[in-house]
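J.: Structure below; questions to follow.
The values are calculated or read from the model by the stated rules, or taken from the named source; none is laboratory data. For clarity, every value in this text was computed on a predicted model and none was experimentally measured. Here the Cβ positions follow ideal geometry from the backbone for every residue, glycine too, while neighbour counts run over all protein chains shown.
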Amino acid sequence: MNEEVNDTRARDRNLLDTASSQDKTEIQELAQEYLQFLRQNMTDRERVQWAITLLQKEGYAEFKMGQDAEVKPGTKFYYMNKSKSVLCGIVGKTQESLTVVGTHVDVPHVDLKPNFVNEQADQGCVTLKTHYYGGIKKYLFATTPLLMKINSMKDGKVLVQTIGDQPDDPVFTIPDLLVHLSQNQSERKMREVIKAEEMKVLAGSTKGEFTKFSDNFLKLLEERTGITKKDLPYCEFQLFPAYPPKYVGLDKSMIGASGQDDGICSFAAIKALQKLHAPEHTSVVVFHSYEETGSNGTAGAQSNFMSFALSDLMDKQHITSSKQRNIMSNSVAIAADVTALFDVNFPASHDRLTAAVLNKGVAIARYTGSAGKSGSSEAPVELIHKIIQNLKKKWFQMESMGINGGGGTTAKYLSQQLNCEVIDVGPGVMNMHSPFEVSSVYDLFATVQVYAQIMGRE
């Protein structure tokens, strides 16, 4: 094992300060590309399409289940699933096991209800009724500028439109009670500072040529998007923070933006895949959706998509079903998801000895979950050593979130789908599930290196 891996003093180093000039150049270039990714790709559909567009330029071919295709070592492929998940990879030299890096492309946000237009004539406005998605502190989304993503059908295809991402575009917002009148509100518990039914979105305050505020809003919406009132219940309307991704700190050592859980791992996994050329084992990256609501549905990690796609890939290689089961069971899987970064304002919520810290590299967690490791998939010691021995440089830190809360990842679903060993590997993020999450540019760089080295394992 590399001596640098065993050096316990490495935890006290700031690895961005000690990075080589060559690494610092790559860190800067990667951060710029990541900022653009965050700016242009907020939804699961957009992130899946981003990956496919990038990979197609590098010769990746779309595979469809049940269709013949030539497969040999070095073949680059991808399987699309419902436009919200994708499995892509490179065929390896051997047929002994797979390396799977699984991440998720959905993010906490605010959805509009099917019938969301709410006339409030006595208040002089029209509002939109919402249903939040994922685990959020609801009050953080109040007084935040929100942009709107709209998924509708046109000519048999999904049309994605955005309102609020251009300099001259309007945005939307959820109002909060002014401090001068909030004496009773201030007595509420944190979870109820803003209640779910109080998350109405301001959408307009003029009637135009109509007698209702809502009619004017519907006219303007149709002019902008082509969507009529009768079409509204059949479309998806999603609201995301409209803050542009930005560097944080005078040294530009951090990145602030919404959607970094799990955008940073999705981005890093594809960048790592781009570094591979002729891996020993077939290496795949899989994007799932609906992780923030339990990994359910046809695009979630509990679906059969991943196992179906991998079986189809091995069918194309004329591998028998019994050997396929052995290959999947012998595989190594990475649950690529973010973890809690040490919060300087709430140190008591972390275990100082094991919490992920800025600029210390990607975090490797033996287990996640909450309380008594509930919802986790604990990695065995054999897998931990197998992973660490494949890392040529100190780009990682061992961590755990502690027992004051916590959360799960897709690890248990990956292990159950493939019957293989799984470990959680991902960078720390501060302000997780908020409109402005914070990550480290070095930890992003380290995540790419670690994923690439794991996928390139011998």
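J.: In the range 116-131, is there at least one residue being under 23 Å from the mean Cα position of the chain (by Cα) and either surrounded by 14 or more Cβ atoms within 10 Å (Cβ to Cβ) or part of a strand (DSSP E or B) (or both)?
T.: Yes; the residues of the range 116-131 include at least one that is under 23 Å from the mean Cα position of the chain (by Cα) and either surrounded by 14 or more Cβ atoms within 10 Å (Cβ to Cβ) or part of a strand (DSSP E or B) (or both).
J.: Every residue in the range 145-162 that is surrounded by 13 or more Cβ atoms within 10 Å (Cβ to Cβ), under 13 Å from Cys235 (Cβ atoms) and of a type in the set (A, V, I, L, M), please.
T.: Met148, Ile150, Leu159, Val160
J.: Quick one: in the range 34-93, which of the residues that are more than 30 Å from Ile150 (Cα to Cα), β-branched (Val, Ile, Thr) and in a loop (DSSP other than H, G, I, E, B) is nearest to the chain's Cα centre (by Cα)?
T.: Applying the filter and picking the extreme gives Val91.
J.: Something else now. Tell me which residues, restricted to the range 162-182, are outside any loop (DSSP other than H, G, I, E, B), touching a residue at least 12 places away in the same chain (Cβ under 8 Å) and hydrophobic (A, V, I, L, M, F, W, C).
T.: Correct list: Ile163, Phe172, Ile174.
J.: Still on this model: Can you list residue pairs whose Cβ atoms sit under 9 Å apart, with the first residue in the range 45-67 being outside the structural domain of Ser311 (by TED's automatic domain parsing) and the second being small (Gly, Ala, Ser) and modelled with pLDDT of 95 or more? Count only pairs 6 or more apart in sequence or on different chains.
T.: none
J.: Being assigned by TED's automatic domain parsing to the domain that holds Ala411 and out of contact with any helix residue (DSSP H, G or I) (no Cβ under 7 Å at 6 or more places or on another chain) is true for just one of Thr130, Thr162, Thr94, Thr143. Which residue is that?
T.: Thr94
J.: For the range 179-218, what are the residues that are charged (D, E, K, R) and either touching a Pro at 6+ places or on another chain (Cβ under 6 Å) or surrounded by fewer than 15 Cβ atoms within 10 Å (Cβ to Cβ) (or both)? Write out each step before concluding.
T.: The first filter runs over the range 179-218 and keeps only residues charged (D, E, K, R), leaving 187-189, 191-192, 195, 197-198, 200, 207, 209, 212, 215.
Glu187, Arg188, Lys189, Arg191, Glu192, Lys195, Glu197, Glu209, Lys212, listed by residue number.
J.: Among the residues of the range 355-372, is there at least one that is hydroxyl-bearing (Ser, Thr, Tyr), loosely packed, with under 15 Cβ neighbours inside 10 Å and at pLDDT below 95?
T.: We begin by selecting, within the range 355-372, every residue hydroxyl-bearing (Ser, Thr, Tyr); these are 367-368, 370.
In the following step, the residues that additionally are loosely packed, with under 15 Cβ neighbours inside 10 Å were identified as none.
No, the range 355-372 contains no residue that is hydroxyl-bearing (Ser, Thr, Tyr), loosely packed, with under 15 Cβ neighbours inside 10 Å and at pLDDT below 95.
J.: Can you pull out the residues in the range 209-228 that are out of contact with any Gly (no Cβ under 9 Å at 6 or more places or on another chain) and under 22 Å from Pro175 (Cβ atoms)?
T.: Lys212, Leu218, Leu221
J.: While we're looking at this one, here's another question. Can you pull out every residue in the range 196-242 that is closer than 28 Å to Asp106 by Cβ and touching a Lys or Arg at 6+ places or on another chain (Cβ under 7 Å)?
T.: Within the range 196-242, Ala196, Met199, Lys200, Gln238, Phe240 qualify.
J.: Here is a further query. Among the residues that make up the range 227-238, is at least one of them among the basic types (Lys, Arg) and surrounded by 13 or more Cβ atoms within 10 Å (Cβ to Cβ)?
T.: Yes; the residues of the range 227-238 include at least one that is among the basic types (Lys, Arg) and surrounded by 13 or more Cβ atoms within 10 Å (Cβ to Cβ).
J.: Condition test on Lys373, is it within 16 Å of Gly102 (Cα to Cα), basic (Lys, Arg) and in the same structural domain as Ala301 (by TED's automatic domain parsing)?
T.: Criteria not met by Lys373.
J.: Return yes when Glu26 is within 16 Å of Ala268 (Cβ to Cβ) and of a type in the set (Asp, Glu) and no when it is not.
T.: In short, yes.
J.: Please determine whether any residue of the range 284-299 is over 22 Å from Ala336 (Cα atoms) and in contact (Cβ under 8 Å) with a residue 24 or more places away in the chain.
T.: No: the range 284-299 contains no residue that is over 22 Å from Ala336 (Cα atoms) and in contact (Cβ under 8 Å) with a residue 24 or more places away in the chain.
J.: Continuing with this model, one more query. Kindly evaluate Ala340 against the criterion of being part of a strand (DSSP E or B), out of contact with any Cys (no Cβ under 8 Å at 6 or more places or on another chain) and either hydrophobic (A, V, I, L, M, F, W, C) or more than 22 Å from Met80 (Cα to Cα) (or both).
T.: yes
J.: Taking into account only those residues within the range 391-404 that are modelled with pLDDT under 75 and touching a helix residue (DSSP H, G or I) at 6+ places or on another chain (Cβ under 9 Å), which is surrounded by the most Cβ atoms within 10 Å (Cβ to Cβ)?
T.: Lys394
J.: Do we have any residue at all in the range 86-106 that's surrounded by fewer than 17 Cβ atoms within 10 Å (Cβ to Cβ), farther than 30 Å from Gln324 by Cβ and touching a Pro at 6+ places or on another chain (Cβ under 7 Å)?
T.: Going residue by residue through the range 86-106, those that are surrounded by fewer than 17 Cβ atoms within 10 Å (Cβ to Cβ) are 93-94, 96.
Applying the additional criterion that residues be farther than 30 Å from Gln324 by Cβ yields none.
The answer is no, given that none of the residues of the range 86-106 is surrounded by fewer than 17 Cβ atoms within 10 Å (Cβ to Cβ), farther than 30 Å from Gln324 by Cβ and touching a Pro at 6+ places or on another chain (Cβ under 7 Å).
So that you can scan it fast, the table gives a plain yes or no per residue for (1) more than 24 Å from the chain's Cα centre (by Cα); (2) farther than 21 Å from Gln260 by Cα; (3) not assigned by TED's automatic domain parsing to the domain that holds Gly426:
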site: Ser289; (1), (2), (3): no, no, no
site: Glu292; (1), (2), (3): no, no, no
site: Gly297; (1), (2), (3): no, yes, no
site: Lys316; (1), (2), (3): yes, yes, no
site: Met328; (1), (2), (3): yes, yes, no
site: Val332; (1), (2), (3): no, yes, no
site: Asp343; (1), (2), (3): no, no, no
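J.: Restricting attention to the range 283-317, which residues are among the small types (Gly, Ala, Ser), assigned to a loop (DSSP other than H, G, I, E, B) and over 15 Å from Asn419 (Cα atoms)?
T.: The initial filter retains those residues of the range 283-317 that are among the small types (Gly, Ala, Ser), namely 283, 289, 294-295, 297, 299-301, 303, 307, 309, 311.
So of that shortlist, the ones also assigned to a loop (DSSP other than H, G, I, E, B) come out as 289, 294-295, 297, 299-301, 303.
Result: Ser289, Gly294, Ser295, Gly297, Ala299, Gly300.
J.: Test each condition in (1) more than 17 Å from the chain's Cα centre (by Cα); (2) in a helix (DSSP H, G or I) for Pro279 and report the one that comes out false.
T.: In the conditions (1) more than 17 Å from the chain's Cα centre (by Cα); (2) in a helix (DSSP H, G or I), Pro279 misses (2) alone.
J.: Scanning for something touching a Cys at 6+ places or on another chain (Cβ under 8 Å), of a type outside the set (Lys, Arg) and closer than 15 Å to Val117 by Cβ, does the range 219-227 turn up at least one residue? Give the steps one after another, and end with the answer.
T.: Residues of the range 219-227 touching a Cys at 6+ places or on another chain (Cβ under 8 Å): 227.
If we keep only those that are of a type outside the set (Lys, Arg) too, we end up with 227.
This time we only want the ones that are closer than 15 Å to Val117 by Cβ, so: 227.
Yes - at least one qualifying residue is present in the range 219-227.
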